Amino acid sequence: MSITITDSRLIAGFSRLGKQEKLEIIAGLLNDPAKKEALLRSFFHEDATLQRKFDEFSENTISNFYFPYGIAPNFLINGQVYMVPMVIEESSVVAAASKSAKFWSEHGGFHAEIVNNLKVGQVHFIWKGSRDVLYGIFPELRSSLLQSTRHLTANMERRGGGIRDVELVDMTAEMPHYYQLKATFDTVDSMGANFINSCLEEFARTLPEFLSGEGERESPDCQVIMSILSNYSPDCRVRCWVEAPLEAFAGMDDRLGAKGFVEKFMRAARIAEIDIHRAATHNKGIFNGIDAVALATGNDFRAIEAGGHAWASREGKYRSLTHAELNGDQFRYTLELPMALGTVGGLTRLHPLADLSLELLGDPGAEELMMIAAAVGLANNFSALRSLVTKGIQLGHMKMHLLNILNHYDATDEEKVAAVEHFKTNKVSFSAVSSYLASYRALK
Ligand code: MEV
């Protein structure tokens, strides 16, 4: 059956149009096109060279989309103090990270270590020949694969990285004739996606040639399905923890007391290990912090999330990424997850604010940045659980959200000052702010 597309909004060759033409077309789809075009233009950077750079980060760009750039101060991590840049649109996340950072700076700070820093890439292929033959020739094949990537690896090897191993994995129990080349890479301070994918595509060219055995490009028994890095890199992992004696928690909640608070906190942490619904929300709170640091430093937060959630499911059940323990009267709370971050390459140095973020953090290598991001993730999660088991999340969250609500009602500076004062002692909600503003305006 053939389908005739009649929607007049289908546009052929949009990508080939100039930015101004794209802008006009899109504004033309909206109410009051001239106003919408002006709005989109108002977000252009005044420096045309810089604007061009932003345009070229992605495709079909017609404007910039602003996100707040905030700082969580006083992060004490492995004895060093960091002012951590966070890019996030959600109110109360930076405040929560900062509150935790302050608390833990008075209790030994965050401790962190790198478990390992190796990434994974795979060539997925079909081999219809003999399994034994494949395994028999694999040592020689492996050398050919490594040889074929020499031109790509030389630079990385000079920096201390490169391909660490190539394994042959038999996946035929899952799908007939399915095998993998599973390679591990050390990409030092770069996230390494381009390096890994280039090496894998070179493997994918060499593999069928080698298996044809006659210098042919294709072996009739071998079909490469695809070659791509894996965003699940359990051997590129960071562990971060905080610990303190029970008495440190004395001020957390008057009714619970220190022991009561820690017991309740540990139950909450345990619930996130055993219940998938809670685990997803618990982990989301961790990624509030990690993603904000990833964005501020020009890193790929989707890759980090994908790897983190895969790690959370490694035992066949999705669980939280944290674990709480009480040894005697010593409380310890740990976060562990894979995290592929870079401090060179990609956007990390190309985006001026990502570059500035890295400078602010003392120009860390990838491993140090992994530890910083993990500490922020743990800080956000600690703050969330602290609120959840004591006064609830909404009180603090809505207080932080107050300015957004006031902006929604176009409050003036004077109204904002009065409202902030009023809501110091009153519960914030959309309707409470709306009625407060109505009565304040009626009195004016
Ligand atoms: C909100 O962005 C994050 C929280 O829901 C996390 C949590 O519940 O642990 C507060």
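The values are calculated or read from the model by the stated rules, or taken from the named source; none is laboratory data. Please read all numbers here as calculations on a predicted model, not as lab measurements. Here the Cβ positions follow ideal geometry from the backbone for every residue, glycine too, while neighbour counts run over all protein chains shown. Side chains are part of the model used for accessible areas, which takes the heavy atoms of the whole protein and leaves out ligands, DNA and RNA. Shrake-Rupley method; radii C 1.70, N 1.55, O 1.52, S 1.80 Å.
Can you say whether Gly362 is in contact (Cβ under 8 Å) with a residue 12 or more places away in the chain and assigned to a loop (DSSP other than H, G, I, E, B), as far as the supplied structure shows?
Values: in contact (Cβ under 8 Å) with a residue 12 or more places away in the chain: yes; assigned to a loop (DSSP other than H, G, I, E, B): yes.
Considered against the rule, which asks whether it is in contact (Cβ under 8 Å) with a residue 12 or more places away in the chain and assigned to a loop (DSSP other than H, G, I, E, B), Gly362 comes out as yes.
Picking from residues in the stretch 104-136 that are without any contact (Cβ under 8 Å) to a residue 12 or more places away in the chain and assigned to a helix (DSSP H, G or I), the one that is least open to solvent (accessible area, probe 1.4 Å) is Gly136.
Just one of the listed residues (His277, His323, His282) is open to solvent by 60 Å² or more (accessible area, probe 1.4 Å), closer than 23 Å to Gly109 by Cβ, out of contact with any His (no Cβ under 8 Å at 6 or more places or on another chain) and within 16 Å of the ligand (Cβ to nearest atom), namely His323.
Taking the stretch 304-360 only, how many residues are among the small types (Gly, Ala, Ser) and touching a strand residue (DSSP E or B) at 6+ places or on another chain (Cβ under 7 Å)? Step through it out loud before you land on a result.
So in the stretch 304-360, the residues among the small types (Gly, Ala, Ser) come out as 306-308, 310, 312-313, 316, 320, 324, 328, 340, 342, 345-346, 354, 357.
So of that shortlist, the ones also touching a strand residue (DSSP E or B) at 6+ places or on another chain (Cβ under 7 Å) come out as 307-308, 324, 340, 342, 345, 357.
Total satisfying the criteria: 7.
Among residues of the stretch 198-217 being under 39 Å from the mean Cα position of the chain (by Cα) and either open to solvent by 60 Å² or more (accessible area, probe 1.4 Å) or at pLDDT below 85 (or both), the one that is farthest from Phe138 (Cα to Cα) is Glu201. For the stretch 182-202, the count of residues that are among the hydroxyl-bearing types (Ser, Thr, Tyr) and in a strand (DSSP E or B) is nonzero. Flag: Ser387 matches the condition of being among the hydroxyl-bearing types (Ser, Thr, Tyr), within 16 Å of the ligand (Cβ to nearest atom) and in the same structural domain as Glu90 (by TED's automatic domain parsing). Selection over the stretch 285-303 of residues that are of a type in the set (Phe, Trp, Tyr) and within 14 Å of the ligand (Cβ to nearest atom) gives a count of 1.
Looking across the stretch 333-343, the residues that are crowded, with 22+ Cβ neighbours inside 10 Å and assigned to a strand (DSSP E or B) come down to Tyr333, Leu335, Leu337, Pro338. If you check Lys424, Lys399 for being within 16 Å of the ligand (Cβ to nearest atom) and open to solvent by 60 Å² or more (accessible area, probe 1.4 Å), only one passes: Lys399.
When Gly346 is tested against (1) away from the ligand (no atom under 16 Å from the Cβ); (2) at pLDDT 95 or above; (3) buried (at least 17 other Cβ atoms within 10 Å of the Cβ); (4) of a type outside the set (Val, Ile, Thr), just one condition goes unmet, and that condition is (2). Candidates in the stretch 354-372 are the residues that are within 18 Å of Pro68 (Cα to Cα) and within 17 Å of the chain's Cα centre (by Cα); of these, the one that is surrounded by the fewest Cβ atoms within 10 Å (Cβ to Cβ) is Leu358. Determine if the stretch 154-171 includes at least one residue that is open to solvent by less than 20 Å² (accessible area, probe 1.4 Å), assigned by TED's automatic domain parsing to the domain that holds Ser190 and of a type in the set (S, T, N, Q). Within the stretch 154-171 (the criterion being open to solvent by less than 20 Å² (accessible area, probe 1.4 Å), assigned by TED's automatic domain parsing to the domain that holds Ser190 and of a type in the set (S, T, N, Q)), the answer is no, since none of the residues qualifies.
Report yes if some residue within the stretch 233-245 is open to solvent by 10 Å² or more (accessible area, probe 1.4 Å), in contact (Cβ under 8 Å) with a residue 12 or more places away in the chain and small (Gly, Ala, Ser); otherwise report no. Taking every residue of the stretch 233-245 in turn, none turns out to be open to solvent by 10 Å² or more (accessible area, probe 1.4 Å), in contact (Cβ under 8 Å) with a residue 12 or more places away in the chain and small (Gly, Ala, Ser). Of the listed requirements (1) over 28 Å from the mean Cα position of the chain (by Cα); (2) within 16 Å of the ligand (Cβ to nearest atom); (3) open to solvent by less than 30 Å² (accessible area, probe 1.4 Å), Gly260 misses just one: (2).
Residues are listed down the side, and each one gets a yes or a no for (1) part of a helix (DSSP H, G or I); (2) touching a Cys at 6+ places or on another chain (Cβ under 8 Å); (3) open to solvent by less than 20 Å² (accessible area, probe 1.4 Å):
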| site | (1), (2), (3) |
| --- | --- |
| Met83 | no, no, no |
| Glu89 | no, no, no |
| Ala95 | yes, no, no |
| Ser100 | yes, no, yes |
| Pro139 | yes, no, no |
| Leu145 | yes, no, yes |
| His151 | yes, no, no |
